Amino acid sequence: MDFYYHPLSAPCRAVIMTAKALNIELNKKFLDLLNAGEHLKPEFLQINPQHCVPTLVDGNLKLWESRAIMVYLVEKYGKDDDPLYPKCPKKRALVNQRLYFDMGTLYTAFGAYFYSQIYGKKPADAELLKKVENALEFLNIFLAESKYVAGDTMTLADLSILATAVTMEVASIDLSKFEHVNRWYKELRDTAPAAEENVAGSLGYKKFM
């Protein structure tokens, strides 16, 4: 499987952690988005017209959006009723809800606050920061009810949100203010599958910033 990625990208790192958890070897193809604009070259546009990472090519399947890739990897290569993405409809529904929460609320709020400063050269917006903190308060509520983000075992939701949280930390978002988030984060930051690569990517992002 060819995996087009950039290590600074939290969604890319979430897929890498998933592959590691499943003992899948990805054929990693680094795309220089920042300097060479390799994601805009015709050969990549033929694969992904939305020219974004991560992008996975598995045979005749071309797939992008990290959470869709993560689910695909478990469904195709995971063991029967893999705890990363359980078959029980209720358990799976909760994992899906948390994945959508990451995509639509947590990561979106962080991006609106932080990327406007990095790429738009705008001053920090206190109102946007408040939305990030509100999202973390919701996550704190989820984690007050269970050991992991979507229950008592680690799932895809943990890996996706962990990639977001590590990036938040290097961007000086104080996770320690949220008791249950802080407990969960301290446990998984250095122990999750491919944890070293996830942290290294976030530190590379810090250098870029």
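The values are calculated or read from the model by the stated rules, or taken from the named source; none is laboratory data. Since this is a predicted model, take the numbers as computed values, not measurements. For accessibility, only protein heavy atoms count, side chains too; no ligands or nucleic acids. Shrake-Rupley method; radii C 1.70, N 1.55, O 1.52, S 1.80 Å.
Annotations for the structure displayed:
- Rounded accessible area of HIS39 (nearest 10 Å², 1.4 Å probe): 30
- Extension gain, ASP190 to LYS62, is 43.0 nm, computed as 0.36 nm per intervening residue step minus the present C-alpha separation.
- Contour minus Cα-Cα distance for ILE141 and LYS87 (0.36 nm per residue): 17.0 nm
- The stretch between GLU133 and GLN50 holds 26.9 nm of extra length on full extension. This uses 0.36 nm per residue minus the Cα-Cα distance.
- Average accessible surface for region 89-207: 49 Å² per residue, computed with a 1.4 Å probe over protein heavy atoms with every protein chain in place.
- Anisotropy class assigned to the chain is oblate, per the alpha carbon gyration tensor with a/c at or over the 1.5 cut-off and a/b no larger than b/c.
- Per residue, region 2-77 exposes an accessible area of 48 Å² to a 1.4 Å probe, with every protein chain left in place.
- Solvent exposure ordering (accessible area, 1.4 Å, most first) of LEU34, LEU26, LEU94: LEU34, LEU94, LEU26
- To put it simply, the accessible area of the chain at a 1.4 Å probe is 53 percent carbon and sulfur.
- Mean residue ellipticity (222 nm) of the chain, computed from DSSP H runs ≥ 4 via -39,500 (n - 2.57), nearest 500: -17000 deg cm²/dmol
- What the Cα atoms of region 89-207 give is an Rg and a Dmax of 14.0, 44 Å.
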